[in-house]
Amino acid sequence: EKNVRFLTELYPQDENVRLLQTKIDSSKRDYAKAIETLSEIADASPHREVVVDLAVNQWVAGDRQSAIAGLELWANDHPEDWRVQMTLADFYRAENQVEQAKAIYERLEQAKPNDPEVLNNLAWMFKDDDPATGIKFATQANELAPANPFILDTLAILQLANNQPEDALENARKAAEGAPDVWLIQYNLGTVLSR
């Protein structure tokens, strides 16, 4: 904060300094101020970091539609920007827009076939309608990033949905051991244990 205050005094209109200030504003939960500044920067000089930061601030401030709309505009103009595509898919998933999220993850899997994060997220999209296919993607992700608790957790939930409770329990326990402070993974272990 002290450094950014100093830089702001010297360079009050510098885009990079203003961007640093928005990160401080955001960390203090002054989302309105961060959104205002990020919107100004985006109008003058849009780039990925600004677009994502703006969307995240809009999202946590409760304006989910604006967050999604901004990411959609950027993603349409920059289909190769997989980081924005991932963020957009995560937002779709959180809004229960499963088909939109799944379509992005499938495109990303074609572009980045050996990315464990993409494979894991794509696997999760099959949880309700085709867990066996989801298991294939999650297994591939696990081979690329062994012992990753988030991948093991996805694999466990898919195995549970696919009526493989013993395999699910083994992977859920490994996931819980690897991420003892992640409440969702601990919750999922409880779900598997109860089954």
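Tabulated data
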{"quantity": "Neighbourhood charge, 10 Å Cβ-Cβ cut-off, centred on Ser26 and excluding it, Lys, Arg +1 and Asp, Glu -1", "calculated": "+1"}
{"quantity": "Volume per residue of the C-alpha convex hull in the range 72-124, rounded to whole Å³", "calculated": "65 Å³"}
{"quantity": "Of all accessible heavy-atom area on the range 1-159, the percent that carbon and sulfur account for (1.4 Å)", "calculated": "49 percent"}
{"quantity": "The range 66-125 - percent relative contact order, Cα under 8 Å, separation 6 or more", "calculated": "24 percent"}
{"quantity": "For Glu1, net neighbour charge (Lys/Arg +1, Asp/Glu -1) across residues whose Cβ lies under 11 Å away", "calculated": "+3"}
{"quantity": "Potential extension, Glu166-Ala32 segment - 0.36 nm per residue separation minus Cα distance", "calculated": "43.4 nm"}
{"quantity": "Dipole of the chain [Lys/Arg +1, Asp/Glu -1 at C-beta], most positive-end residue of Asn57, Ala42, Val98", "calculated": "Asn57"}
{"quantity": "Solvent exposure of the range 57-195 as accessible area per residue, Å², 1.4 Å probe", "calculated": "52 Å²"}
{"quantity": "Selected from Pro79, Pro180, Pro149 as most flexible by GNM, with the chain as the system and alpha-carbon contacts under 10 Å", "calculated": "Pro180"}
{"quantity": "Mean residue ellipticity (222 nm) of the chain, computed from DSSP H runs ≥ 4 via -39,500 (n - 2.57), nearest 500", "calculated": "-24500 deg cm²/dmol"}
{"quantity": "Rough spin-label spacing in nm, given labels placed 7 Å along Cα→Cβ, for Thr133 and Arg5", "calculated": "5.6 nm"}
{"quantity": "Rounded to whole Å, sorted largest first: equivalent-ellipsoid semi-axes of the range 11-69, Cα gyration tensor", "calculated": "18, 13, 8"}
{"quantity": "Phi-based couplings in Hz for the range 124-138 (Karplus 6.51, -1.76, 1.60; Gly and Pro marked x)", "calculated": "4, 5, 9, 3, 8, 10, 7, x, 5, 5, x, 4, 4, 5, 5"}
{"quantity": "Over the chain: Rg over Rh, Cα atoms, Kirkwood Rh", "calculated": "1.07"}
{"quantity": "Cα-based reach from Lys23 at 20 Å (exclusive), listing aspartates and glutamates while leaving out same-chain residues under 8 positions away", "calculated": "Glu1, Glu9, Asp14, Glu15, Glu36, Glu40, Asp43, Glu49, Asp53, Asp63"}
{"quantity": "Cα-centre dipole for the chain with unit charges at Cβ (Lys and Arg positive, Asp and Glu negative), debye to 20", "calculated": "420 debye"}
{"quantity": "The chain, relative contact order in percent, only Cα pairs under 8 angstrom and at least six apart counted", "calculated": "9 percent"}
{"quantity": "Listed peptides 134-144, 23-33, 58-68 by packing density, highest first (mean Cβ within 10 Å)", "calculated": "134-144, 58-68, 23-33"}
{"quantity": "Dipole magnitude (debye, nearest 20) for the range 1-110, charges at Cβ of Lys, Arg, Asp, Glu", "calculated": "400 debye"}
{"quantity": "Among Ala123, Ala94, Ala172: highest mean-square fluctuation, GNM of the chain, C-alpha pairs under 10 Å", "calculated": "Ala94"}
{"quantity": "Total lysine pairs whose alpha carbons fall under 18 Å of each other in the range 92-195 (8 or more apart, or interchain)", "calculated": "5"}
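The values are calculated or read from the model by the stated rules, or taken from the named source; none is laboratory data. Model, not experiment: these values are computed from the prediction. Virtual Cβ from ideal backbone geometry, glycine too; neighbours counted across all protein chains shown. Calculation scope for accessible area: heavy atoms of the full protein, side chains included, ligands and nucleic acids excluded. Shrake-Rupley method; radii C 1.70, N 1.55, O 1.52, S 1.80 Å.
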